[in-house]
Amino acid sequence: MIAMVSGTVAVRRGDHVVVDTGGVGYRLAVSAETLRHVPAVGKSVALHSHLVVRDDALALYGFATEEERELFLMLIAVQSVGPKVALAVLSGGPPRDLLAAVAAGDTARLQAAPGVGKRTAERIVSELREKVGATASAPAVITAVRSEDPRALARDGLLGLGYTPLEADELLDGAEGQKPEDLIANALRTARR
């Protein structure tokens, strides 16, 4: 199985990205939530992935966090929920919020995703509620599992400070550092110039 794809972003579209890894471009279908964490074309990226093998195709799905990939795997295990519907659900918000919605039985939140009707939302809640109940009530466990790219965390930090996504990306373009805090500090120094 292909567990992770890292390289340079070659293409960035609304439903997929292409990552150039050593001269080979891997097309990964992504949720809107993951796409928020994917940098601009030409920048480095690392995405957790899952390969779905069908009779007529090999489909690769990319995720910004391990948590999102695990939720994807839980969703596609639900009867009548395929990868496309699972990505639509994941596009509805951060995995932590979606886990909380499932644990709370919030079918309306799930129905907001394209392709998810009342019966499918109810099925997702009934099949996953017990599995995610313990996880959603223990945020420390979720946080421990998260493994995000420092640049993505720094970008989220800049967004939290009020910068637009475009401004955050521009500020991080020249920023150096290994930790999100260092990247933010360097980006803010650049903003002052």
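The values are calculated or read from the model by the stated rules, or taken from the named source; none is laboratory data. Small disclaimer: the values here were computed from a predicted structure and weren't measured. Neighbour counts run over all protein chains shown; Cβ positions are idealised from the backbone, glycine included.
Mind telling me which of the residues 71, 35, 75, 47 ends up being assigned by TED's automatic domain parsing to the domain that holds residue 116, aliphatic (A, V, I, L, M) and under 12 Å from the mean Cα position of the chain (by Cα)?
Result of the check over 71, 35, 75, 47: 71.
With the checklist (1) among the polar types (S, T, N, Q); (2) in contact with a Leu (Cβ under 8 Å, 6 or more places away or on another chain); (3) at pLDDT below 90 in hand, flag the one item residue 147 doesn't pass.
That leaves (2) as the condition not met.
Name the single residue that is surrounded by the fewest Cβ atoms within 10 Å (Cβ to Cβ) among those in the stretch 95-137 being among the hydroxyl-bearing types (Ser, Thr, Tyr) and free of Cβ contacts under 8 Å to residues at least 40 places away in the same chain.
Ranking the candidates gives 137 first.
Scanning the stretch 85-94 for residues that are out of contact with any strand residue (DSSP E or B) (no Cβ under 7 Å at 6 or more places or on another chain) and within 14 Å of residue 124 (Cβ to Cβ), which turns out surrounded by the most Cβ atoms within 10 Å (Cβ to Cβ)?
Checked the stretch 85-94; the qualifying residue surrounded by the most Cβ atoms within 10 Å (Cβ to Cβ) is 89.
Could you say whether any residue in the stretch 52-63 is in contact with a Lys or Arg (Cβ under 7 Å, 6 or more places away or on another chain) and either of a type in the set (Lys, Arg) or under 13 Å from residue 121 (Cα atoms) (or both)?
No, the conditions are met nowhere in the stretch 52-63.
Among the listed residues 155, 123, identify the single one that is modelled with pLDDT of 90 or more and either farther than 29 Å from residue 58 by Cα or outside the structural domain of residue 45 (by TED's automatic domain parsing) (or both).
The unique qualifying residue is 123.
Kindly state which strands (runs of 3 or more DSSP E) lie completely within the stretch 5-107 and contain at least 2 residues that are farther than 29 Å from residue 118 by Cα.
16-21, 24-29, 44-53
Of the residues that sit in the stretch 54-75 and are touching a strand residue (DSSP E or B) at 6+ places or on another chain (Cβ under 8 Å) and surrounded by fewer than 17 Cβ atoms within 10 Å (Cβ to Cβ), which one is nearest to residue 27 (Cα to Cα)?
59
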